[in-house]
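The values are calculated or read from the model by the stated rules, or taken from the named source; none is laboratory data. These figures come from a predicted structure and were not determined experimentally. Cβ sites come from the backbone with ideal geometry, for glycine too, and all protein chains shown count toward neighbours.
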Amino acid sequence: MISIQAILFDVGGTLRANITKDQRDYSTIRGLMDFLGEDGDPAVFIEKIQKGESRYRKWCQKSLLELTEADLWSQFLLPDKPVEFIRENAIKINQMWRDSRLKNILPDAVETIRELATRGYVLGVISNTTSSLEAPRMLEEHGISRLFSVTLLSTVYGRRKPHPSIFLEASRAIGIPAHHCAYVGDRPSRDVVGARQAGFGEVVMISHNGSGHAEADVDEGLLEVPTPAMQPDYTIHSLSELLKIYPAIRHSSINEQNPYPDSSVLYDAAMSTMWSVGQKMPFNQTFVTARQAGFARFELNHQVTPELYSQWDRNLYYISTVHDPCPAIYLNDDLKQNDYMISSLDENCRRKGVDLAKRTIEVACELGARSVVLHPGMIMCDWSRENRLRELFEKGLKGTQEYEAVRNDLIAHRNLHAPAHFDQVQKSLVEIVNFARPTGIEVGLENRYHYYDIPLLEEMQVLLDICDEDWWGFQYDCGHAQTLDALGLCNHKDWLLRYSRRIIGCHLHDVRGIRDHQMPGVGEVDFRMIAAYLPDTALRTLEVSPRLSIFQLKQGMETLCQAGCVQSINILVEESTC
């Protein structure tokens, strides 16, 4: 059992109670309007700012970036005002806006904090907030600021929970490794998920109403998000209950083994269970091993059977993405043989494919995942032309007269058979959009490995146009794009030029010739080119063969980091000896 040396706290909803979202002090609002030279109804002004907040939150929830007060107000909340004036006065403006809503520290917070400090715990704050003043001022007003060794605010740090870097930065700041830290918060989707990804030893959730963990953020106007399947180590209903959980520190027990002994960095990326399925080790052990290698989170791929799905510890390992269909009730070959595809010309089979996609979205909701990867189907016809083209490529005959003849015949054959299947895909995706819209799950349509798969470059635009909302987009697979480029069928870079702004997530792996899912750095994929097009919001996932060793996984991730496709977070801190 790991001993806890440090306890770090959320602020809103944890140390401080929040009043309802719409309850504003109009005298403070009028003072802010006077300062800004605004006339009119305060209610109209409030609505204007709240619309700007909504736009900002949609952006920051996906990117997990947090702006300074100056950037927030000049770019999102008051972009129509003189930029220099807003930036110079942003901290004052922001605090007046925040002060228009009442907030109170919880009644037992002060005494609990003092007692925990007396018991020897190092204390800190990790808070998502747009104010650089509010939390420090609150701690100072209640005479407990000196008891906190670190106060890490997202608006100052630039990242927000659940990004693991803000947790690890706090760990470094206090000089105590993450596995000796506990985190106390009230939002599972950011507090449990972020702390678990960072490797914190324990997580405590406070639930004031006793009815579970609500996920709509009253304080900051965040969107509804799925509640993760991950559970905290403890659930409390008042801060004073922490005193039952954390007795006085026994200093002789602070050097237990790190549960992630091989990690010196944490990669801001997921590991696809493509690597896990087929390993000799038990399925859950592959999660342990990948986490030790530095992967912050995981993608469940479409080879995870119901049996495997039951074998991993969902309280420790966060699933950021689920790849349709998952769990795999039917194996991939069975799906194709039975034509259980959203592209099927048989209506019963098409409905089966839609139902499988819906089930995957439901699983993503159950897990609190962020996104689903969706295969938009395939064309059921004679594939011998593509098979022949690939044979010729492997023999080094690309560019020959025979190769070009087969390639042209393949293109004409696909053009002949694609329209009917593509119509079915569009029909299916309309149903899936209507099903997925209220869930909060992002859906990424993946570019595919085979030429007879759907979609090709032009087809992707039609499918993206079905829904112009930002949760519906493109799952970019660099290996698939590279393979079709190598075959002379579709230019790799064109996918990025046309659809980079719609990227939900990306699968990263290398390609040798037309053999994909290789270790990054051993093939022909230009990862530096890719890095220039990946948006900040894109979920990065390593999707490689189970043949790769742990050493090769690390080598591949270092290649991706050096190219700029993935960021790494240093997690080493000097062990505390006090």
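Given the criterion of a type outside the set (A, V, I, L, M) and in contact with a Lys or Arg (Cβ under 7 Å, 6 or more places away or on another chain), identify the matching residue among Gly564, Gly513. Before the answer, list the steps.
Numbers: Gly513 fails: in contact with a Lys or Arg (Cβ under 7 Å, 6 or more places away or on another chain).
So the residue among Gly564, Gly513 that is of a type outside the set (A, V, I, L, M) and in contact with a Lys or Arg (Cβ under 7 Å, 6 or more places away or on another chain) is Gly564.
Residue by residue, here is whether (1) acidic (Asp, Glu); (2) under 20 Å from Thr227 (Cβ atoms); (3) assigned by TED's automatic domain parsing to the domain that holds Met230 holds:
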residue: Phe287; (1), (2), (3): no, no, no
residue: Phe298; (1), (2), (3): no, yes, no
residue: Pro306; (1), (2), (3): no, no, no
residue: Arg314; (1), (2), (3): no, yes, no
residue: Ser320; (1), (2), (3): no, yes, no
residue: Asp324; (1), (2), (3): yes, no, no
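How many residues are in contact with a Phe, Trp or Tyr (Cβ under 9 Å, 6 or more places away or on another chain) and in a helix (DSSP H, G or I) when one looks only at region 555-565? So that I can check it myself, show each step before the final result.
Taking region 555-565 and keeping what is in contact with a Phe, Trp or Tyr (Cβ under 9 Å, 6 or more places away or on another chain), we get 557, 559-565.
Checking the rest, the ones that are also in a helix (DSSP H, G or I) come to 557, 559-563.
Looking only at that region, the number is 6.
Does any residue of region 452-463 turn out to be assigned by TED's automatic domain parsing to the domain that holds Leu560, touching a Ser or Thr at 6+ places or on another chain (Cβ under 7 Å) and under 28 Å from Gln279 (Cβ atoms)?
The initial filter retains those residues of region 452-463 that are assigned by TED's automatic domain parsing to the domain that holds Leu560, namely 452-463.
Add one more test, that the residue is touching a Ser or Thr at 6+ places or on another chain (Cβ under 7 Å), and what stays is 454.
Now restrict to residues that are under 28 Å from Gln279 (Cβ atoms): none.
Scanning region 452-463 turns up no residue that is assigned by TED's automatic domain parsing to the domain that holds Leu560, touching a Ser or Thr at 6+ places or on another chain (Cβ under 7 Å) and under 28 Å from Gln279 (Cβ atoms).
Could you check how many residues of region 231-274 are modelled with pLDDT of 90 or more and in a loop (DSSP other than H, G, I, E, B)?
Summing the residues that are modelled with pLDDT of 90 or more and in a loop (DSSP other than H, G, I, E, B) in region 231-274 gives 10.
Would you call Ser320 at pLDDT 95 or above, within 19 Å of Val443 (Cβ to Cβ) and either in a loop (DSSP other than H, G, I, E, B) or in contact with a strand residue (DSSP E or B) (Cβ under 8 Å, 6 or more places away or on another chain) (or both)? Walk me through how you get there before you give the answer.
Details: at pLDDT 95 or above: yes; within 19 Å of Val443 (Cβ to Cβ): yes; either in a loop (DSSP other than H, G, I, E, B) or in contact with a strand residue (DSSP E or B) (Cβ under 8 Å, 6 or more places away or on another chain) (or both): yes.
The answer is yes for Ser320.
What number goes with the only condition from (1) assigned to a loop (DSSP other than H, G, I, E, B); (2) without any contact (Cβ under 8 Å) to a residue 24 or more places away in the chain that Asp485 does not pass?
Result: Asp485 passes all but (1).
Of the numbered conditions (1) farther than 12 Å from Ala481 by Cα; (2) surrounded by fewer than 17 Cβ atoms within 10 Å (Cβ to Cβ), Asp526 fails exactly one; give the number of that condition.
Looking at each condition in turn, Asp526 falls short on (1).
Quick one: which of Gln424, Gln475 is in contact with a Gly (Cβ under 8 Å, 6 or more places away or on another chain), at pLDDT 95 or above and not in a helix (DSSP H, G or I)?
Just one listed residue meets the conditions, Gln475.
Name the one entry in Ser320, Ser371, Ser344 that is of a type outside the set (D, E, K, R), closer than 17 Å to Ser428 by Cβ and surrounded by 18 or more Cβ atoms within 10 Å (Cβ to Cβ).
Ser344 is the lone residue from the list that is of a type outside the set (D, E, K, R), closer than 17 Å to Ser428 by Cβ and surrounded by 18 or more Cβ atoms within 10 Å (Cβ to Cβ).
State all residues of region 283-311 that are assigned to a loop (DSSP other than H, G, I, E, B) and either in contact with a Cys (Cβ under 8 Å, 6 or more places away or on another chain) or closer than 16 Å to Leu553 by Cβ (or both); if no residue qualifies, say none. Even if it seems obvious, please write down each step before you answer.
First, the residues of region 283-311 that are assigned to a loop (DSSP other than H, G, I, E, B): 293-294, 301-305, 310-311.
Of everything in region 283-311, those that are assigned to a loop (DSSP other than H, G, I, E, B) and either in contact with a Cys (Cβ under 8 Å, 6 or more places away or on another chain) or closer than 16 Å to Leu553 by Cβ (or both) turn out to be Ala293, Gly294, Asn301, His302, Val304.
Going by what's in this entry, would Val462 be described as touching a strand residue (DSSP E or B) at 6+ places or on another chain (Cβ under 9 Å) and either surrounded by 23 or more Cβ atoms within 10 Å (Cβ to Cβ) or aliphatic (A, V, I, L, M) (or both)? Quick ask: steps written out before the conclusion?
On the way: touching a strand residue (DSSP E or B) at 6+ places or on another chain (Cβ under 9 Å): no; either surrounded by 23 or more Cβ atoms within 10 Å (Cβ to Cβ) or aliphatic (A, V, I, L, M) (or both): yes.
Spelling it out, it is not the case that Val462 is touching a strand residue (DSSP E or B) at 6+ places or on another chain (Cβ under 9 Å) and either surrounded by 23 or more Cβ atoms within 10 Å (Cβ to Cβ) or aliphatic (A, V, I, L, M) (or both).
For Ile166, state whether it is assigned to a strand (DSSP E or B), of a type outside the set (Lys, Arg) and within 25 Å of the chain's Cα centre (by Cα). If you could, list the steps in order and put the result at the bottom.
Details: assigned to a strand (DSSP E or B): no; of a type outside the set (Lys, Arg): yes; within 25 Å of the chain's Cα centre (by Cα): yes.
Spelling it out, it is not the case that Ile166 is assigned to a strand (DSSP E or B), of a type outside the set (Lys, Arg) and within 25 Å of the chain's Cα centre (by Cα).
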